[in-house]
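**Q** Got a structure for you, questions after.
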Amino acid sequence: MKTHLYSVMSELGAGTRGSSLGLEALQIASLKYDRPFFHLRPVKQIETENHRLYRPTQEDHAKYLDGISMMYERIERELGSALEEKDHLPCVIAADHSNAGGTIAALKRAYPKSRLGVIWVDAHADLHSPFTSPSGHVHGMPLGSALGEDNLENQQNEPGEEAIWHWNEMKGKTPRVRPEDIFFLGVRDTEAPEDKLMEKHHIPNLTVDQCRELGMPTAAEKALNHLKDCDIIHLSFDVDSLDPIVSVGTGTPVDEGYTEEEARELLLHLVTDQRLAAFEMVEINPLLDMNGNSMAEAAFRILKPVVEKIEAQSP
C-alpha cells in the first residue's frame, strides 16, 4: 500500500502554543532513528491560519472558530481531492486535534456513499460543541462536529450568532459519522456533557486497564469488530493517550495512559484492517517537552513502524 504524508500544523484549537512545531520535532527525531524516513516520504503541507493567534479571539465558547472553520474547508478540499484518486492511504500529522474534523470531512467527500467508522485513541472524547465546552478550545470538539451534535440537552454555554454559524458550517449538511460507528480506546478524561452523550448513544470505550487485561491484539479486534458494518475506517491517535511519563510534550496529558510499547502494539494491529482509509497522529508539542525532544522521539518510534506496516500490506 502506498502512503502519502500530510502535515496540518494548525494549532488554533489548542489551549497552549507549540503543537504547530510537531512535524519539525518528528523530523528531528527521525535523524536519530531513521534519517531517510522523511526523504523517502515527502510531506504535503496544508497551509494554516495560525497568524490569527496574534489577535484576540472573538468567541470565548469556541475560540478562533472562524479560522478553524476555514481549516476544515481547506483540509476537506485538499485532502479530499487527493483521496479521490484512491491510489494511496494518507497518514496525517496534525498539530491539535481540531484538525481531525477536517480529515473526517475529507474522507466523506472522497467516499460519499461509504459508511465511515472512527477509532479514537485518546485520553479525551472530544465530543463537545460550543454549547457544552468548558474551555472553548475547539480541539475538544472534532467528534462533536463529525456527529453533527450540538448536545443541547446538556447545554452549558450561550455562544454568539457568528460562532453558531461557523459551527453549522463545520458540521456540514448531514452528519459524517454515526454515533454507533465510533469506538474509543483509552479515553479517561471527560466532562458531564460528553459522558451523557456517550451513555445516550452507547459509544463504547475500552480503558487502558481493560486493554491491558484483554491484551492489545484483542482490544484492537474488539474495536474493529464493533465497526464490522463500516466500509472504511479512520484511525486517529492523540499522543496524550500515552501516560505522562511518555507524553511529556503534549498540551493535555492525563495520568494512567498507555506505555509507548502498548500504543505501538495496539496501532500495529489496528492498521492491518483492509478498510483503513486514513491514519492520523496529533498533539505533539515540543515547547512543553522538558526532556529535550523525548515526546517526538517516542511518537516517531510509533509512527515509523505503523507507516511501514501500512506500506507492507497489499492494496
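The values are calculated or read from the model by the stated rules, or taken from the named source; none is laboratory data. Owing to the predicted nature of the structure, the values given are computational and were not obtained by experimental measurement. With ideal geometry, Cβ positions are generated from the backbone for all residues, glycine too; neighbour counts draw on all protein chains shown.
**Q** So Asp87 clears everything in (1) over 25 Å from Phe300 (Cα atoms); (2) more than 20 Å from the chain's Cα centre (by Cα); (3) assigned to a loop (DSSP other than H, G, I, E, B) except one condition, right? Which one?
**A** (1)
**Q** Considering each of Gly18, Gly80 in turn, give the residue that is farther than 22 Å from Asn168 by Cα, of a type in the set (Gly, Ala, Ser) and within 20 Å of the chain's Cα centre (by Cα).
**A** Matching residue, one of Gly18, Gly80: Gly18.
**Q** Oh, and also: Hey, among Ala163, Ala146, Ala219, which residue is over 22 Å from Asn99 (Cα atoms) and either over 20 Å from the mean Cα position of the chain (by Cα) or aliphatic (A, V, I, L, M) (or both)?
**A** Ala219
**Q** If you go through region 176-188 one residue at a time, do you hit one that is more than 24 Å from Gln210 (Cβ to Cβ) and either of a type outside the set (A, V, I, L, M, F, W, C) or modelled with pLDDT under 95 (or both)?
**A** Yes: region 176-188 contains one or more residues that are more than 24 Å from Gln210 (Cβ to Cβ) and either of a type outside the set (A, V, I, L, M, F, W, C) or modelled with pLDDT under 95 (or both).
**Q** Let me ask something additional. Restrict the check to region 193-208 and report whether at least one residue is in contact (Cβ under 8 Å) with a residue 12 or more places away in the chain, touching a Ser or Thr at 6+ places or on another chain (Cβ under 6 Å), over 17 Å from Val271 (Cβ atoms) and surrounded by 14 or more Cβ atoms within 10 Å (Cβ to Cβ).
**A** Within region 193-208, one or more residues are in contact (Cβ under 8 Å) with a residue 12 or more places away in the chain, touching a Ser or Thr at 6+ places or on another chain (Cβ under 6 Å), over 17 Å from Val271 (Cβ atoms) and surrounded by 14 or more Cβ atoms within 10 Å (Cβ to Cβ).
**Q** Please specify each residue of region 152-209 satisfying the condition of being among the acidic types (Asp, Glu) and not in a loop (DSSP other than H, G, I, E, B). Full working, then the answer.
**A** The initial filter retains those residues of region 152-209 that are among the acidic types (Asp, Glu), namely 153, 158, 161-162, 169, 180-181, 189, 191, 194-195, 199, 209.
Those that are among the acidic types (Asp, Glu) and not in a loop (DSSP other than H, G, I, E, B): Glu153, Glu161, Glu162, Glu169, Glu180, Asp181, Glu194, Asp195, Glu199, Asp209.
**Q** Same structure again: Working carefully through the options Ser30, Ser10, find the one that is of a type in the set (S, T, N, Q), within 14 Å of the chain's Cα centre (by Cα) and at negative phi. Talk me through it step by step, then tell me what you get.
**A** Numbers: Ser30 fails: within 14 Å of the chain's Cα centre (by Cα).
Only one candidate passes the filter, namely Ser10.
**Q** Let me ask something else. If you scan region 247-268, which residues turn out to be under 18 Å from the mean Cα position of the chain (by Cα) and either among the charged types (D, E, K, R) or over 18 Å from His97 (Cα atoms) (or both)?
**A** Scanning region 247-268 gives Tyr258, Glu260, Arg264, Leu266, Leu268.
**Q** Looking at Ala105, Ala82, Ala110, can you tell me which residue is touching a Lys or Arg at 6+ places or on another chain (Cβ under 9 Å), at pLDDT below 95 and of a type in the set (A, V, I, L, M, F, W, C)?
**A** Testing whether each residue is touching a Lys or Arg at 6+ places or on another chain (Cβ under 9 Å), at pLDDT below 95 and of a type in the set (A, V, I, L, M, F, W, C) leaves just Ala82.
**Q** Within region 9-20, is even one residue closer than 27 Å to His166 by Cα, among the β-branched types (Val, Ile, Thr) and surrounded by 19 or more Cβ atoms within 10 Å (Cβ to Cβ)? Write out each step before concluding.
**A** Filtering region 9-20 down to residues closer than 27 Å to His166 by Cα leaves 9-20.
With among the β-branched types (Val, Ile, Thr) added as a condition, the list becomes 16.
Still in the list and also surrounded by 19 or more Cβ atoms within 10 Å (Cβ to Cβ): none.
No, that holds for no residue.
**Q** Scan region 247-278 for residues that are more than 24 Å from Tyr6 (Cα to Cα), part of a loop (DSSP other than H, G, I, E, B) and in contact with a strand residue (DSSP E or B) (Cβ under 7 Å, 6 or more places away or on another chain) and jot them down.
**A** Within region 247-278, Gly257 is the sole residue that qualifies.
**Q** Something else about it: In the list Asn225, Asn285, which residue meets the criterion of being polar (S, T, N, Q) and within 19 Å of Ser7 (Cβ to Cβ)?
**A** Working: Asn225 fails: within 19 Å of Ser7 (Cβ to Cβ).
Step by step, each of Asn225, Asn285 is checked, and only Asn285 is polar (S, T, N, Q) and within 19 Å of Ser7 (Cβ to Cβ).
**Q** Tell me the residue from Leu287, Leu276, Leu266 that is crowded, with 23+ Cβ neighbours inside 10 Å and either among the β-branched types (Val, Ile, Thr) or in contact (Cβ under 8 Å) with a residue 24 or more places away in the chain (or both), please.
**A** Leu266
**Q** For the subset of region 1-46 comprising residues that are basic (Lys, Arg) and part of a loop (DSSP other than H, G, I, E, B), which member is nearest to Pro90 (Cα to Cα)?
**A** Lys2
**Q** Take Asp66 and decide whether it is within 30 Å of Gln313 (Cβ to Cβ) and charged (D, E, K, R).
**A** Judged against the criteria, Asp66 is not a match.
**Q** If you don't mind, another one. I'm told Glu149 meets every condition in (1) at pLDDT 95 or above; (2) closer than 24 Å to Pro42 by Cβ; (3) touching a Ser or Thr at 6+ places or on another chain (Cβ under 9 Å) except one. Can you identify the failing condition by its number?
**A** (2)
**Q** Being touching a residue at least 40 places away in the same chain (Cβ under 8 Å) and not aromatic (Phe, Trp, Tyr): is that true of Arg115 here?
**A** It is true that Arg115 is touching a residue at least 40 places away in the same chain (Cβ under 8 Å) and not aromatic (Phe, Trp, Tyr).
**Q** Exactly one of these conditions fails for Ala146: (1) in a loop (DSSP other than H, G, I, E, B); (2) touching a strand residue (DSSP E or B) at 6+ places or on another chain (Cβ under 9 Å). Give me its number.
**A** (1)
**Q** For region 47-66, give me each residue that is in a helix (DSSP H, G or I) and crowded, with 21+ Cβ neighbours inside 10 Å.
**A** Matches in region 47-66: Leu65 only.
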